[in-house]
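K.L.:
Okay, here's the structure, questions in a sec.
Only the coordinates and a few stated rules stand behind these numbers; no lab work does. Values in this document were obtained by computation on a predicted structure and should not be read as measured data. When we count neighbours, we look across all protein chains shown, and the Cβ atoms used for this are built from the backbone with ideal geometry, even at glycine.
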Amino acid sequence: MSDKDTICAVSTPPGEGGIGIIRISGRDAVRIAGTIFRPRRGGDLQSSASHTIHYGHVIDPCTAETIDEVLVSVMRAPATYTREDVVEINCHGGVVPLWRTIGLLIQAGARQAEAGEFTKRAFLNGRIDLAQAEAVIDIIRAKTELSQRSANEQLLGGLSRDISGLMERILRIITCIDAALDFPDEDIEMPSGESLEEGISSIIRGIDGLLSGYIYGSVLREGVAAAIVGRTNVGKSSLLNALLRQNRAIVTEIPGTTRDVIEEFINISGIPLKILDTAGIRHTHDMAEIEGVKRSLAVIESADIVLIVMDGSQALTPEDYKVIDKAKGKTAIGVINKSDLPKMTGSFEWPKIQMEVSCLTGAGLDLLKQKLVELMKKGAVPPGEHAWAVNRRHKTILEQSKANLERALSNVKNCLSPEFISEDLRGAMSSLGLITGTTYTEDILDRIFSTFCIGK
Amino acid sequence: MGFCLLRDCKDLMILVICVRDCLNYIYEVIVVGAGHAGVEAALVSANLGCRTLLLTISMDTIAAMPCSPSIGGIAKGQLVKEIDALGGIMAKVADQTAIQFRVLNTSKGPAVHGTRTQNDRHLYHTAVKSILERHPDLDIRQAMVERLIVEDGRVAGLIDNFDNHYHAKAVVLATGTFLHGLIHIGKRSFPAGRAWEFSSDALADDLKRLGFQMGRFKTGTPPRLKRSSIDFSSMKRQDGDDVPGFFSSATTEVMLPQRSCYITGTNENTHKVIAENIKLSPLYSGAIKGTPARYCPSLEDKVMKFQDRDSHQVVLEPEGLETEEIYASGLGNSFPPEFQWKIVRSVKGLEDAEIIRHSYAIEYDYCLPTQFFHTLETRLIKGLYMAGQINGTSGYEEAAAQGIWAGINAALKIKEMPPFVLDRYEAYMGVMVDDLITKGTDVPYRMFTSRAEYRLLLREDNAEYRLMDKAQKLGLIDKARYDRLTEELLQIRENIERMEKVYIKPYEKINKALVKFGSSPIHEAASLANLLRRPGINGKAMELIDPEWPCLDPRVTRQVEIEIKYEGYLKKQLHDIEQLKDMDRVKIPCDLDFDQVPGISNEIREKLNCIRPVSLAQASRIAGMTPAGLSVLMLFLKGRH
């Protein structure tokens, strides 16, 4: 992440219909916007004067398809909010065009802004008077707390409180371990393996609870991302096209045609569903294809829902199982394509949700869409009391923290010396501290002394 | 009437001039106080070639152990080994005078092992005294320093209570608990630096006059009991390790007969006596104002604060080979003598015990350590350094570590060489000094492994390797030792590579060894390194698995074992250090006026002005520093460049 990148983001709350504003800031803001904008009066955005408004259309430069009817404001540095070149695009067509426009901007070289990043730039570039100190601090702090854009006070307090609670529990375990490590001559007992396992597992459950809030938050913010994966030539692109009912991806009989990850949006019940079509996963020596396969695996990682496409007319191959293996642990649907042909796949255990479709005849597609809606709604409805709208950054941090805790847990099981478990727990805690902006070094000693009777 | 004495020493003339009935001594470095901090400071300064004078109130208490007759322990062991790695004497003398060797925490990983010795404290004192006395560049004199000579904000020397003048451009104060020392036993209190030694009041007043901010701490020492009056039969005996672990790599054998410690404990009766008479303790009557050391609380504190405990541990430690005195660890209190007898005799095995020395509490002034640079030089007076308890720490090892640190820097100042500072990721010493000057301390500071964020890297076993380059550059260790360490490092690296490369086939012998150490047999060839990484497999197991292992130096195999076994964790900490270094590279100019930095809260501004961090990394460790404040500071610094 660099302060020199050109960044873009939807700067209005998401919702269906109405106007959405996309803000772009950075050195290349005008150029990047120019590549996707066709002014009604002709001419070039790049030669336009500062602080002017232009009417026209967002065009996909690859397909020349019109995405939306928009108003574009060009504001050149330094008299802008961020003191960089800023372009704002007022979209009218609702959520899907809004997100497609963002997608096009990213394709053209912009990067999605982090929470609070516009304001941060405004500060970095001296746009915000340093005398407004308190405000500035709050803005910077937003980077380590909840995204300014999406969080209201209540959510912020709630998430912080939950995270502080988890940190408190981790700290208590560290205290017990470190007390026993630093004072072996006192009669302080090292917590038993069982009690450590129990304590750590319960913290992991707490983090899982918070992570479930991510789906809720991200659904509102970014839509749900569904990845279409599968070995080569099982009909992934056909499925994408069938879902979009348009000829977007190239469909051929030659394995490995789709080498890039293709993103498409469809709107289901007002929630944007971002569909990621990926290269087929197979063993290959073609360099370009290897890259494509790599990206496919990364897409599985980032997707909320994985659609594993299989060729129903053939028995499952080791490559199919490899794909299934890669998707384990995600919310996944096994899509058995080519239901127009005799089913040869046999039965398999995972994914549990299995849908038979025929991209050729369209059979089963409605059921599949229904299932997708169901899964999306599951995420869209706050699951229980800890459903703070956790954003992607929080999700990453929570997952880091969880990974540390899981390592601690396996170390407990392997009877590794407690200082390593303590190290894992510290890692888990300092990750969580990135969200709340707190650190705890001296606290551990204070706690040891207030908890244990120590000394000669 | 005046006279002049010239002493020829190397290429330097030392002058002792008598002017108007007072003597004038001229040195390069003067150290005040000959406790564990002072002796290391004086010795290293002399070793670095500076004409050094060590001043002490009493020649008979040089390197005294006024409290526990032991050296080392968890985290303290690391400090002792680091002192050794820098050419200090604590490790060697502790080994020479040890009457018990024990490594604590051996059931845990290597990072939290702590070597500890019980020592004959009389022999310890004589050994150190003799080393100091024989050093050609070091003079020792018995004197009570009363004032500093300061010229233009620089220290120029000292004046004693006979108005003798000692001139030097660098002075290290290592006065321990002597500044306004006040001993409490029951209702009685009297000025003393340690039991029955003069307190140093004039110097304490002088420091205040010079503008130092002083605080007041309290510590204490338990009673000494007569060996023959104790019934050890009912107690648990604690012996040293069968294979002794030494502090110094130069030590090869145990020098003295070995002794045991004995463990007993207080009981309900003890606690009842204490609770009923708590008002007689100056700690609870309000007579003691200093903040007590929280890790070695008085027994009355333990009883009152942890009322649910029905027993507190008491360890009886021998004070030496030839003495009858037994140190009763855990029975420290400040009750009047008659109650001390009652308390002691309520303990099992001590029913007939006789107290030789009563327990006492002592209050003393210390200098707030946030007033120092990382070199332990004071910001107020150039050339003035402080080390040990005067800086708010506690413990012989903590003192000695600061002593050698301040001594090196005092000598480097004289030689006009760049200062010597170890970072938090290089040594426990670095953690301690950075903690002290960045965070200050509101209770006597003691080292713990939990203070070191890189504790997995800062181990006893690698102290020499960690510090060898810096020690050699300064000339603190000789060439032979440096060459040996270099050779060992080479072997360590070669063997780590070898272990990764060499694959072992699933021979029956190998699988037997694996199973013996609780691991599962292998079915296909595995690298030695991967076998070592398995839980349960250690250096002992490798002796059976790796044919070359038994031929290697144990110091080498130890490092190979640790580096391979804990590779993931060590790498992670090294990675964290790289991140810290990035922040460390953002330097804060020493003339920065923090009042000019807009947008930081007054509380943080005050702390910044007081502590004056030298880098963004140090600023981040200031208590109460927020990510927001740090960002503002960073942006301000960026803007200046």
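K.L.:
Considering every residue in B:450-456, what mean count of other chain Cβ atoms within 10 Å of its Cβ is obtained?
P.N.:
Taking the mean over all residues of the peptide, I get 5.
K.L.:
To the nearest 20 Debye, how big is the dipole of the range B:225-363 about its Cα centre, given +1 on the beta carbon of each Lys and Arg and -1 on that of each Asp and Glu?
P.N.:
Computed charge dipole of the range B:225-363: roughly 520 debye.
K.L.:
Also, quick follow-up: Give me, ordered by chain and number, the residues 5 or more places off A:ALA332 or on other chains with an amide H under 5 Å from its own placed amide H.
P.N.:
Counting only residues 5 or more places away or on other chains, the set is A:VAL306.
K.L.:
Kindly write out, for the range B:451-467 in residue order, the coupling ³J(HN,Hα) from the Karplus curve 6.51 cos²θ - 1.76 cosθ + 1.60 (θ = phi - 60°), rounded to whole Hz, with x marking Gly and Pro.
P.N.:
So the Karplus estimates, Gly and Pro as x, are 7, 9, 5, 10, 5, 5, 8, 8, 9, 4, 5, 10, 4, 5, 5, 5, 10 Hz.
K.L.:
Name the lysines eligible as straight-distance cross-link partners of B:LYS76: C-alpha to C-alpha under 18 Å, and not fewer than 8 places from it in the same chain.
P.N.:
Answer for B:LYS76, where 18 Å is the Cα cut-off: A:LYS456, B:LYS92, B:LYS108, listed by chain and number.
K.L.:
Would you give the gap between the C-alpha center of the range B:308-324 and the C-alpha center of the range B:381-423, rounded to a whole Å?
P.N.:
33 Å
K.L.:
What percent antiparallel are the DSSP beta bridges of chain B, to the nearest 5?
P.N.:
75 percent
K.L.:
Order these by the 10 Å Cβ neighbour count, fewest first: A:ILE207, B:ILE99, A:ILE59.
P.N.:
A:ILE59, A:ILE207, B:ILE99
K.L.:
Taking the number of other C-beta atoms within 10 Å as the exposure measure, put B:MET144, B:MET59 in order starting with the fewest.
P.N.:
B:MET59, B:MET144
K.L.:
Taking the Cα centre of chain B as origin and charging only Cβ (+1 Lys, Arg; -1 Asp, Glu), how large is the dipole, in debye to the nearest 20?
P.N.:
1060 debye
K.L.:
Right, something else. How large is the translational diffusion coefficient of the range B:225-363 in µm² per second when you combine the Kirkwood radius over alpha carbon pairs with Stokes-Einstein at 4 °C and 1.567 mPa s?
P.N.:
79 µm²/s
K.L.:
Over the Cα atoms of the range B:478-570, compute the convex hull volume and normalise it per residue, giving Å³.
P.N.:
Spelled out: Cα convex hull of the range B:478-570, divided by residues, is 88 Å³.
K.L.:
Determine the shape class of the range B:586-640: with a ≥ b ≥ c the square roots of the Cα gyration tensor eigenvalues, call it rounded for a/c under 1.5, and otherwise prolate if a/b is greater than b/c, oblate otherwise.
P.N.:
Rounded shape, in that the Cα axes give a/c under 1.5.
K.L.:
Moving on. Under the rule of -39500 (n - 2.57) per DSSP H run of 4 or more residues, summed and divided by the residues of chain B, what mean residue ellipticity at 222 nm is obtained, to the nearest 500 deg cm²/dmol?
P.N.:
Here the helix-only value at 222 nm equals -10500 deg cm²/dmol.
K.L.:
Check which residues have an amide H placed less than 5 Å from B:GLY265's amide H, if you skip close sequence neighbours.
P.N.:
The list, which skips near neighbours in sequence, is B:VAL314, B:LYS348.
K.L.:
Across the residues of B:306-318, average count of Cβ atoms on other protein chains within 10 Å?
P.N.:
Taking the mean over all residues of the peptide, I get 2.
K.L.:
Another question, if that's okay. Inside 10 Å of the C-beta atoms of A:416-424, what's the mean count of C-beta atoms belonging to other chains?
P.N.:
6
K.L.:
Hey, with R₀ at 60 Å, roughly what FRET efficiency would B:LYS571 and B:SER260 work out to, going by the Cβ-Cβ distance, to 0.05?
P.N.:
About 0.90, to the nearest 0.05.
K.L.:
Could you work out how far apart the two model spin labels at B:ASN511 and B:GLN596 are, taking each label as a point 7 Å from the Cα in the direction of the beta carbon, and quote it in nm?
P.N.:
7.5 nm
K.L.:
If you don't mind, another one. I need the phi-derived Karplus couplings for the range B:408-416: 6.51 cos²θ - 1.76 cosθ + 1.60, θ = phi - 60°, integer Hz, Gly and Pro marked x.
P.N.:
4, 5, 4, 5, 5, 4, 4, 7, 6
K.L.:
Taking amide H positions as placed 1.01 Å from N in the peptide plane, with prolines and chain starts having none, which residues 5 or more places from B:ALA170, or on another chain, fall under 5 Å of its amide H?
P.N.:
B:ILE30
K.L.:
Next question. For the range B:478-570, please report how many Lys pairs fall under 24 Å Cα to Cα, leaving out neighbours fewer than 8 apart on the same chain.
P.N.:
Within the range B:478-570, the lysine pair count is 14.
K.L.:
For B:LEU592, B:LEU299, what ranking results if the residue with the fewest other Cβ atoms within 10 Å of its Cβ goes first?
P.N.:
B:LEU592, B:LEU299
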